[in-house]
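Accompanying notes for the structure given below.
The values are calculated or read from the model by the stated rules, or taken from the named source; none is laboratory data. What you see is a predicted model, and the numbers here were worked out from it, not measured in a lab. Cβ: placed from backbone, ideal geometry, glycine included. Neighbour counts: every protein chain shown. Remember, those area values only see protein heavy atoms, side chains included, never the ligands or the DNA or RNA. Shrake-Rupley method; radii C 1.70, N 1.55, O 1.52, S 1.80 Å.
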Amino acid sequence: MARIVQKYGGTSVGSAQRIEHVAARIEKAVAHGNELVVVVSAMGKSTDVLVDLAKQMTESPSKREMDMLLSTGEQVTISLLAMALHKRGIEAISFTGWQAGIKTEESHGNARISDIQTDRMEAELGNGKVVIVAGFQGVTQSGEITTLGRGGSDTTAVALAAALKASRCEIYTDVTGVFTTDPRFVKQARKLHSISYDEMLEMANLGAGVLHPRAVEFAKNYEIPLMVASSMVDEPGTMIEEEVTMEQNLVVRGIAFENDVTKITVAGLPNKIDALSTLFSTLSKNQINVDIIIQNQSDDKHVDISFSITQSSLKETIAILEEAKSELEFSSIHYEEDLAKVSIIGSGMVSNPGVAANMFNVLAENDIFIKMVSTSEIKVSVVVKEEDMVLAVEMLHQAFQLAEEEAAVV
Ligand code: ADP
Ligand code: ASP
Ligand code: MG
């Protein structure tokens, strides 16, 4: 008997009919003698609907109340799924995050799981029940309901797999696995048989929404075999694991991208030893997340510093900088909106010089202007105009031969 954690995302539980379909899949897994913990997301786009409702109340809702609101979405699905299982004669019980013992740190909107007290789940599994847990939520030490950040149900699933010592974690979604890039945007995208934890972590951090980055982090740290597959089509998915044997040594394994990037330039900062540290301490104190940073010397006495942030933090960032103007002593702020970040990822890059040059060539040949660059051992990211994003991804996908099964093996 294997203990398995399965997770079904929003589209997979998007209607009564889909929930029935999930119940049928669970019935099958139970019939095979498995012990099952099932994590579910809110139905369809219902989290977005709740976010919109909050916006109708106020421009800046309290983070605590947002968590209170958004955590209701998952609670709808857990109870409906339990009912669907009961109808099939399967013993099942639903738990909210706090009932399941999922403790988080004291922060709203993007809380980290700090501990999972598994007693109640263990007891119900011991009673032969399927345990259904609401994804994306937990409770703090002081009893506050928290959420784990958009897409966080994946993290609930992997964290439960670690805490309950499950033999694997299966993420069921609306695509058949992890692809070389988002198959919704690039029709030549190819499903990967397997991908390493590190590569998947980069992909997820750089915008591949198929997995929540913290879910991959958990899987890596606790060595949980993680699978991504379709909840609708019966075909093998993608394994995320330590050793990738099938497609070893690919220079570039995938392309990730995200829009809503804004570039800010703080011009005419005094060229002092602590110019960078003062500027970025001011931003970090105010919880502004900065991504790529570029420094340019404008003359002997001054530097210009550019950095990228998400579009949604633009207003706040400008306000913070303006308020600190006398301390920072810059001359002006400029910004450029409607940008996107496109990243190529692959562990083979580390031993292959010229990958970045190749990327820049492809973009130049297609008249795509690069505004910022950042690299690590296993990725190169560029910031381009949002209108060029999909073309850039398509051209890079083609140039690095990602559609072809063997072509990219060195
Ligand atoms: P769920 O609701 O099941 O959690 P998500 O919408 O969060 O589903 O994640 C699945 C989506 O991720 C897919 O529909 C796809 O558009 C997107 N996606 C982005 N990058 C990739 C990728 N590299 N491979 C597969 N899907 C991807
Ligand atoms: N319902 C949440 C969201 O839409 C969490 C999740 O689906 O993973 O972001
Ligand atoms: Mg998701």
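Structure above, values below:
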read-out: Any hit, segment 371-382, residues being open to solvent by 10 Å² or more (accessible area, probe 1.4 Å), farther than 19 Å from residue 181 by Cα, touching an Asp or Glu at 6+ places or on another chain (Cβ under 7 Å) and among the β-branched types (Val, Ile, Thr); value: no
read-out: Residue in segment 56-68 that is part of a helix (DSSP H, G or I), of a type outside the set (Ser, Thr, Tyr) and either over 25 Å from residue 146 (Cα atoms) or touching an Asp or Glu at 6+ places or on another chain (Cβ under 7 Å) (or both) present; value: yes
read-out: Matching residues in segment 358-370 - criterion: being open to solvent by less than 50 Å² (accessible area, probe 1.4 Å) and either under 24 Å from the mean Cα position of the chain (by Cα) or among the hydrophobic types (A, V, I, L, M, F, W, C) (or both); value: 359, 362, 363, 368, 370
read-out: Inter-residue pairs, beta-carbon under 6 Å, first within 18 Å of residue 261 (Cβ to Cβ) and in segment 278-293, second among the small types (Gly, Ala, Ser) and in a helix (DSSP H, G or I), 6+ apart; value: 288/313
read-out: Every pair of residues 6+ apart whose Cβ atoms lie under 6 Å, when the first sits in segment 189-216 and is over 25 Å from residue 260 (Cβ atoms) and within 12 Å of ligand 1 (Cβ to nearest atom) while the second is open to solvent by 20 Å² or more (accessible area, probe 1.4 Å) and among the small types (Gly, Ala, Ser); value: 190/403
read-out: Test result for residue 70, within 16 Å of ligand 3 (Cβ to nearest atom), crowded, with 17+ Cβ neighbours inside 10 Å and hydrophobic (A, V, I, L, M, F, W, C); value: yes
read-out: One residue from 178, 186 being within 13 Å of ligand 1 (Cβ to nearest atom), of a type in the set (A, V, I, L, M), at pLDDT 95 or above and more than 17 Å from the chain's Cα centre (by Cα); value: 186
read-out: Some residue of segment 321-336 being part of a helix (DSSP H, G or I), buried (at least 16 other Cβ atoms within 10 Å of the Cβ) and in contact with a Leu (Cβ under 9 Å, 6 or more places away or on another chain); value: yes
read-out: Entirely in segment 116-224, the strands (runs of 3 or more DSSP E) that have 3 or more residues that are surrounded by 23 or more Cβ atoms within 10 Å (Cβ to Cβ); value: 130-134, 168-173
read-out: Per-region count, segment 80-109, residues part of a helix (DSSP H, G or I) and open to solvent by 40 Å² or more (accessible area, probe 1.4 Å); value: 4
